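Chemist: Sending over a structure as structure tokens; questions will come in a sec.
The values are calculated or read from the model by the stated rules, or taken from the named source; none is laboratory data. It should be emphasised that the depicted structure is a prediction, and the values quoted were computed from it without experimental measurement. Cβ: placed from backbone, ideal geometry, glycine included. Neighbour counts: every protein chain shown. All accessible areas refer to the heavy atoms of the entire protein, side chains included, with ligands and DNA or RNA removed. Shrake-Rupley method; radii C 1.70, N 1.55, O 1.52, S 1.80 Å.
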Amino acid sequence: MIDGPADTNSSAVAEPSSSNSSAVSKIKRNRIIAILVVLIALLCLWLLVRAFSKPKAKAAGAPPIPVATAPVTLGNIDVYLDGLGTVTPVYTVTVVSRVAGQITEVRFKEGQIVKKNDLLAVIDPRPYVAAQLQAQGQLARDAASLKNARIDLVRYQNSYKEHAIPEQQLATQQAAVDQDEGTVKLDQGNLAAADVDVDYTRIVSPIDGRVGLRNIDPGNIVAANGTSGLCVITQLQPITVIFTIAEDEIDEVTAQMATGRAMQVLALDRSKQHQIAAGTLITVDNEVNTTTGTVRARATFPNTHNELFPNQFVNARLLVKTLTQVNLVPQAAIQRNNDVAFVYVEQPDSTVQSRNVKILATEGETSAVTGVKAGDLLVTDGFDKLQNGSKIVQRKAPAEANAAAKKAG
């Protein structure tokens, strides 16, 4: 009986001891987990701090800019003045008939080149030949009367010396002779006019030139000194070009003319790409057009092959002077900023430095400048990335680049 209760109490005492041990173990485990979490958090925080506090690597230097370059050279360059011009013939003649009549012959063709005194047309000469014969007859009759009057005058003069006739009779005979001489002169004039009219029935070219379109046909009746004309003849060789020069450039042009040197003028087409002909300056007009601020100048051209056509529009280029032994640079190398021209010059360390230049003259793709010296290498492209101190590298020519690519392949 005593053993039974003793076992019950022993069992009751043993159960609380096992529960306490489990709770302690759980607490320890939780503490270890918490410590590990804290350690992990600290480790992450340390790694983050280290990552952000690590010094940044220095940026690599900018790569050189590939560009093309060209050297400054010494040479000569022509200075031209450009102006708009019109081809103007030296002579343009509207051929008209000086007498009225019917056209019996037309001896020219449209567009034909004729020489001075070449026969162009014939007017029926018969009425004028008849008038010529009448004038000749009148002159012959009056000349005979004059001859007779002169014979009588000699007889009267001899008689007067012998006091056979009065002085009044001698004076009357002298007046008759003078009258007949006047009549003969009048007849001579009429005959000359008739001769001229006969000559005018043959219409000839007054100049060398090219005949335009025909305004007459055989059988037409033409009036004397008509306004329409038979045709128009234009001289083509030589021919001139009238062009304009700005008033600011007159002094330079006249100074060159004063030296007596022949100043060359080139005639170019509308696009200024093709030279049509070359000639020389003749003169400059004597006044400036106040509306345009220009003065007209005239140049003559041989026009041997009829390159220039009357009233044709051309671009005239007047060679004013030639600059010798100046610095020549490609036009592509010149940049502008705020009305200042400058270039980029390659330095010994492969950097570039800008230099201001003054443009003296430009011809085609080449300019003469000051501010650089012969031998300097100038950048001719890639300007959008350039500034003072930029590193550059010479761009390979297409042939060199292809050869390098084949070699690398």
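Chemist: If segment 233-366 were replaced by its equivalent ellipsoid, with semi-axes equal to the square roots of 5 times the Cα gyration tensor eigenvalues, what would those be, largest first, whole Å? Kindly include the intermediate steps, with their values, before the conclusion.
Modeler: Working: eigenvalues 268, 65, 41 Å².
Semi-axes from the Cα gyration tensor: 37, 18, 14 Å.
Chemist: Once both labels are modelled 7 Å past Cα along the beta-carbon direction, what's the residue 224-residue 311 spacing in nm?
Modeler: 3.2 nm
Chemist: Related question: Relative to the first principal axis of the alpha-carbon coordinates of the chain, what is the inclination of helix 126-161, with its axis defined by its Cα atoms, in degrees from 0 to 90 and to the nearest 10?
Modeler: Long axis of 126-161 versus the principal axis of the chain: about 50 degrees.
Chemist: Still on this structure: Please report the Cα spread of the chain along all three principal axes, rounded to whole Å, starting with the longest.
Modeler: 232, 53, 50 Å, listed from the longest principal axis down.
Chemist: At 0.36 nm per residue, minus the direct Cα-Cα distance, what do residue 76 and residue 275 gain on full extension? Give it in nm, one decimal, please. Walk me through the intermediate numbers first.
Modeler: On the way: separation 199, 0.36 × 199 = 71.64 nm, distance 2.07 nm.
The span from residue 76 to residue 275 would gain 69.6 nm if fully extended.
Chemist: Could you give the accessible area per residue of the chain, probe 1.4 Å, as a whole number in Å²?
Modeler: Numbers: 26250 Å² over 409 residues.
With all protein chains present, the chain gives 64 Å² per residue.
Chemist: Which FRET efficiency value, to the nearest 0.05, is calculated for residue 246 and residue 304 with the Förster distance at 25 angstrom and r the Cβ-Cβ distance? Show your work: numbers first, answer last.
Modeler: Details: r = 31 Å, r/R0 = 1.24.
Given R0 = 25 Å and the Cβ-Cβ separation, E is 0.20.
Chemist: Additional query: For 359, 27, 334, give me the order by solvent-accessible area with a 1.4 Å probe, most accessible first, ignoring ligands, DNA and RNA. Mind showing how you got there, number by number?
Modeler: On the way: 359 55, 27 85, 334 10 Å².
From most exposed to least exposed: 27, 359, 334.
Chemist: Report the relative contact order of the chain, percent, no decimals, based on alpha-carbon pairs under 8 angstrom and at least 6 residues apart.
Modeler: On the way: 688 pairs, mean separation 101.9, N = 409.
Relative contact order, the chain: 25 percent.
Chemist: Can you give the alpha-carbon Rg of segment 184-265 over 2.2 N^0.38 Å, where N counts its residues? Numbers along the way, then the final one.
Modeler: Details: Rg = 23.0 Å, N = 82, 2.2 N^0.38 = 11.7 Å.
Against the empirical 2.2 N^0.38 Å value, I get 1.96 for segment 184-265.
Chemist: For residue 384 and residue 105, compute 0.36 nm times the residue count separating them, minus their Cα-Cα distance, and round to one decimal in nm.
Modeler: Numbers: separation 279, 0.36 × 279 = 100.44 nm, distance 7.60 nm.
That pair, residue 384 and residue 105, stretches by 92.8 nm at full extension.
Chemist: Counting only protein heavy atoms and using a 1.4 Å probe, what share of the accessible area of segment 30-157 belongs to carbon plus sulfur, as a whole percent? Walk me through the numbers on the way to the answer.
Modeler: On the way: 5450 of 8740 Å².
C and S fraction of accessible area: 62 percent.
Chemist: Grab the beta carbon distance between residue 292 and residue 129, set R0 = 45 Å, and tell me the FRET efficiency rounded to 0.05.
Modeler: On the way: r = 57 Å, r/R0 = 1.26.
So, using R0 = 45 Å, E works out to roughly 0.20.
Chemist: Another question, if that's okay. Eigenvalues of the Cα gyration tensor times 5, then square-rooted: what semi-axes does that give for segment 67-165, in whole angstrom, largest first? Can you show the working numbers first?
Modeler: Values: eigenvalues 1070, 166, 19 Å².
Value: 73, 29, 10 Å, ordered largest first.
Chemist: Need one number: nm distance between label points at residue 27 and residue 91, each 7 Å from Cα along Cα→Cβ, rounded to one decimal.
Modeler: With each label placed 7 Å out from Cα toward Cβ, I get 13.9 nm.
Chemist: Over segment 208-248, what percent of the accessible surface lies on carbon and sulfur atoms, probe 1.4 Å?
Modeler: Values: 950 of 2040 Å².
Carbon-and-sulfur percentage of accessible area, whole number: 46.
Chemist: What's the Cα-based Rg to Rh of segment 238-287, Rh via Kirkwood?
Modeler: Details: Rg = 12.1 Å, Rh = 12.3 Å.
Ratio of gyration radius to Kirkwood radius for segment 238-287: 0.98.
Chemist: Let me ask something additional. Taking the Cβ-Cβ separation of residue 62 and residue 257 as r and a Förster radius of 45 Å, what is the calculated FRET efficiency to the nearest 0.05? Could the numbers behind the result be given before it?
Modeler: Working: r = 57 Å, r/R0 = 1.27.
For residue 62 and residue 257, the calculated efficiency is 0.20.
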